[in-house]
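The structure appears below as structure tokens.
The values are calculated or read from the model by the stated rules, or taken from the named source; none is laboratory data. Not measured: the values here are computed from a predicted model. Because the Cβ atoms are built from the backbone with ideal geometry, glycine has one as well, and the counts that use them run over all protein chains shown. Each accessible area value is taken on the protein alone, full model and side chains, heavy atoms only, with ligands, DNA and RNA left out. Shrake-Rupley method; radii C 1.70, N 1.55, O 1.52, S 1.80 Å.
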Amino acid sequence: MTLTIVGSQLGDEGKGALVDRWGGDADVVVRYQGGDNAGHTVVEGGTEYKLSLVPSGAVRGTVGILGNGCVVNPKTLFTEIDDLRERGLDPDVRVARRAHVIMPYHRVLDGIEEEVKADDDAGDEVGTTGRGIGPTYEDKAGRRGIRIADLLAPDVLREKLEYAVPQKRALVEDVYGLDLAEDDRAEAFDVDALHEEFTRIGERLADEGMTVNCSDYLNRRSDAGDRILFEGAQGTHIDVDHGNYPFVTSSNPTAGGAAVGSGLGVTTVGDGEVVGIVKAYLSRVGSGPLPTELDGDAEEEALADDIREKGGEFGTVTGRPRRIGWLDLPMLRHAARVSGFTGVAVNHVDVLAGLDELKACTAYELDGDELDTVPTTTERWERCEPVYETLDTWEPFDSAAVAEEGYDALPEAAREYLEFVADEIDTPVYAVGVGPDREETVELTNPFDE
Ligand code: IMP
């Protein structure tokens, strides 16, 4: 059986805590898209581990796979593995041979493109994490990418570098006007240096037996009756197809990505559970519209600051403060439809405790029409006016006690809020996050038992 965990909003919904919790019941945990732009914190035995690439289950001894849909920076991967080993763990991480490699020039290009967009004052910079994600997926689609398998074959690697690198040099020099002879980033565009470095990386991957035919491996595990958890990174509204283009990441965090990005068939993935992770309010890192953003006046900004502080809303990867807004149900409806949620987990319910007022957006008004979902273009979404429903607030509660006693121990207004959300998107609540600790979760349904 499979369980696919998907971010319902803009990333940072607290997926890690649920992946971590239900990952304990899985035999294999698979990332199917994205790369080290993701970030999650796992707390095990009182120790905190900050990971961006290693699937979180690997901290607890579950096999972690980076699927073919991922873009892998092997240096980040090795740093995380070495760090875990230094701390006494022995993570078992395998990488799909079909996964694409983030090369040093991809990171440089990611930075340059954002700088150029920021300089032209058009406000079209995406606010990327700078990890080279977009340029790597561009090369994948452009059929000039380097894959993990290529690192295992030095002659093939050289041939591919000799094709791709001169194009990248021309791009930075002729289009962006950089003089690489005078630039400390020149090594990222040097075929010989890259070949040497990445051949060594390939040797380490081979020596440690880390590469895998992902589709073949997962199908065998699935046929043997093993439980497979797909760990989505980022979120629905930054999905390159279904998100708020162009303020998106370059992969498919939505559930369909799990099949494409791993090679396990859609019927197998679709036969399993798909759980959308929802933050009880909204946060966004980077640019793009946010109709319910709390930034209208000083009072709203103070409320946003309060929620930001209480919810620890600062990027795990970049440390940037996140923008804050009220829960947006049109966004959730879109997410539930695109991924076919069988359940949702609503996180950060504790953060909303003690507010003077609580609102949720149930629809948008646009040019005299009422919309129940997100329009297809950023320009139209930006012009949407939220239609709000005001809900009862609840007082702060003892999260540990609630987690222990269960759903009925939640304040009544908090339960009403959760039931309202479930009703609006016609999807049951499987779990409620009431605190940052993995234990601070009220579980109504374990999807692996469904
Ligand atoms: P990229 O994925 O680094 O190319 O960034 C593209 C957009 O996705 C930017 O707005 C990022 O802030 C956003 N993004 C990427 N990864 C995450 C994440 O894990 N959480 C939230 N936002 C993300």
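How much of the pair distance distribution for the stretch 62-132 lies past 15 Å, counting alpha-carbon pairs only, in percent? Value for the stretch 62-132: 65 percent of Cα pairs lie more than 15 Å apart.
Using the Cα centre of the stretch 98-139 as the reference point, and only Cβ charges (+1 on K/R, -1 on D/E), how large is the resulting charge dipole? Debye, rounded to the nearest 20.
I would put it at about 460 debye.
Against the compact-protein benchmark of 2.2 N^0.38 Å, the Cα-based radius of gyration of the stretch 136-185 scales to 1.29. For VAL429, the amide hydrogen comes within under 5 Å of the amide hydrogens of VAL344, counting only partners 5 or more places away or on other chains and with H modelled in the peptide plane.
Residue separation of ASP124 and ALA193 scaled by 0.36 nm, minus their Cα-Cα distance, works out to 21.5 nm of gained length.
Per-residue 3J(HN,Hα) values for the stretch 226-234, derived from phi via the Karplus relation 6.51 cos²θ - 1.76 cosθ + 1.60 with θ = phi - 60°, read 6, 8, 10, 10, 9, 9, x, 10, 6 Hz in sequence order (x marks Gly and Pro). When only Cα pairs below 8 angstrom with a gap of at least 6 residues are kept, the stretch 101-205 shows a relative contact order of 29 percent.
Per residue, the convex hull around the alpha carbon atoms of the stretch 246-295 comes to 107 Å³. The 3J(HN,Hα) values that the Karplus relation (6.51, -1.76, 1.60; θ = phi - 60°) gives for the stretch 413-424 are, in residue order, 5, 5, 5, 5, 4, 5, 5, 4, 4, 4, 5, 4 Hz. Gly and Pro appear as x. Counting only alpha carbon atoms, the long axis of helix 154-170 and the longest principal axis of the chain meet at about 70°. Of SER262, ALA335, GLY45, whose Cα points farthest to the positive end of the dipole of the chain (charges on the beta-carbon: +1 Lys, Arg; -1 Asp, Glu; origin at the Cα centre)? With unit charges placed on the Cβ atoms, the residue in question is SER262. When the chain is treated as a Gaussian network with alpha carbon springs shorter than 10 Å, the biggest mean-square fluctuation among ASP398, ASP183, ASP216 belongs to ASP183. Entry comment: accessible area of the stretch 101-205 is 50 Å² per residue, from protein heavy atoms only and a probe of 1.4 Å. Within the stretch 278-433, antiparallel bridges make up roughly 70 percent of the DSSP beta bridges whose residues both belong there. Taking a ≥ b ≥ c as the square roots of the eigenvalues of the Cα gyration tensor, the stretch 387-436 is oblate, since a/c reaches 1.5 or more and a/b is not larger than b/c. Surface composition of the stretch 274-329: carbon and sulfur make up 46 percent of the accessible area, probe 1.4 Å. Structural descriptor for the chain: relative contact order 19 percent, calculated from alpha carbon pairs under 8 angstrom and at least 6 residues apart.
For a paramagnetic label modelled on LYS310 (point 7 Å from Cα along Cα→Cβ), amide N atoms under 18 Å away belong, within the stretch 393-410, to 393-403, 410. Among the chymotrypsin sites (Phe, Trp or Tyr not before Pro) found in the stretch 153-205, those both in a DSSP coil and sparsely packed, with 15 or fewer other Cβ atoms within 10 Å of their Cβ, are TYR176.
What area, in nm² and to one decimal, does the C-alpha convex hull of the stretch 356-409 cast on average over all directions?
The Cα convex hull of the stretch 356-409, projected and averaged over all directions, gives 5.9 nm².
Which value results for Rg/Rh of the stretch 278-433 when Rg is the Cα radius of gyration and Rh the Kirkwood radius based on the inverse mean 1/r? Rg/Rh: 0.95. Computed over the chain with a Gaussian network model linking Cα atoms closer than 10 Å, the most mobile of VAL402, VAL116, VAL59 is VAL116. For the stretch 42-90 and the stretch 230-271, compute the distance between their C-alpha centroids and round to whole Å. Distance between centres, Cα-based: 21 Å. Once Rh is set to the Kirkwood radius over Cα pairs, what Stokes-Einstein translational diffusion coefficient, in µm²/s, holds for the stretch 63-104 at a temperature of 25 °C and a viscosity of 0.890 mPa s? In µm²/s, the coefficient rounds to 226. Take the stretch 387-448 with all the other protein chains still there, run a 1.4 Å probe, and you get 50 Å² of accessible area per residue. For the stretch 13-134, the Kirkwood hydrodynamic radius comes to 15.4 Å, computed from all pairs of different C-alpha atoms. Only helices enter the 222 nm calculation for the chain: every DSSP H run of n ≥ 4 contributes -39,500 (n - 2.57), and dividing by all residues gives -10500 deg cm²/dmol, rounded to 500. For the stretch 24-148, DSSP calls about 40 percent of its internal beta bridges antiparallel.
Between the listed residues VAL344, CYS384, LEU161, the Cα displaced farthest toward the positive end of the dipole of the chain, a dipole computed from Cβ unit charges relative to the Cα centre, is found at LEU161.
Taking the three principal axes of the alpha carbon atoms in the chain, the coordinate ranges are 65, 54, 39 Å, sorted in descending order. Comparing mean-square fluctuations of GLU203, GLU419, GLU182 from a GNM of the chain with C-alpha springs under 10 Å, the top value falls on GLU182.
Taking the Cα centre of the chain as origin and assigning +1 to Lys and Arg Cβ atoms and -1 to Asp and Glu Cβ atoms, the resulting dipole is close to 2160 debye. Taking every DSSP beta bridge that has both ends in the chain, the antiparallel portion is near 40%. Each residue of the stretch 253-262 was assigned a 3J(HN,Hα) from its phi angle through the Karplus curve 6.51 cos²θ - 1.76 cosθ + 1.60 (θ = phi - 60°); the sequence is x, 5, 4, x, x, 5, 6, 5, x, 9 Hz, with glycine and proline shown as x. When the scattering of the stretch 259-342 is computed by the Debye formula from its Cα atoms alone, each counted once and equally, what is log10 I(q)/I(0) at q = 0.20, 0.27 Å⁻¹? So the normalised log intensities are -0.95, -1.28.
Compute the relative contact order of the stretch 1-145 as a whole-number percentage, counting only Cα pairs closer than 8 Å that sit 6 or more residues apart in sequence.
Working: 232 pairs, mean separation 27.9, N = 145.
Averaging sequence separation for qualifying contacts and normalising by length gives 19 percent for the stretch 1-145.
The tail of the calculated P(r) for the stretch 101-205 beyond 18 Å holds 49 percent of all Cα-Cα pairs. The charge dipole of the stretch 31-179, taken about the Cα centre with unit charges on the Cβ atoms of Lys, Arg (+1) and Asp, Glu (-1), comes to about 940 debye, rounded to the nearest 20. For the pair the stretch 378-448 and the stretch 151-178, the centres of their Cα atoms are 49 angstrom apart.
Over all other residues within a Cβ to Cβ distance under 9 Å of THR342, the charged ones net out to -2, with Lys and Arg as +1 and Asp and Glu as -1.
With the simple spin-label model, which puts each label point 7 Å out from Cα in the Cβ direction, the LEU444 to ASP423 separation comes to 1.3 nm.
For LEU355, the residues whose modelled amide H falls within less than 5 Å of its own, excluding neighbours fewer than 5 places apart on the same chain, are TRP394. Dipole orientation for the stretch 341-398: of the candidates PHE397, ALA353, THR373, THR373 has the Cα lying most toward the positive pole (charges on Cβ; Lys, Arg +1; Asp, Glu -1).
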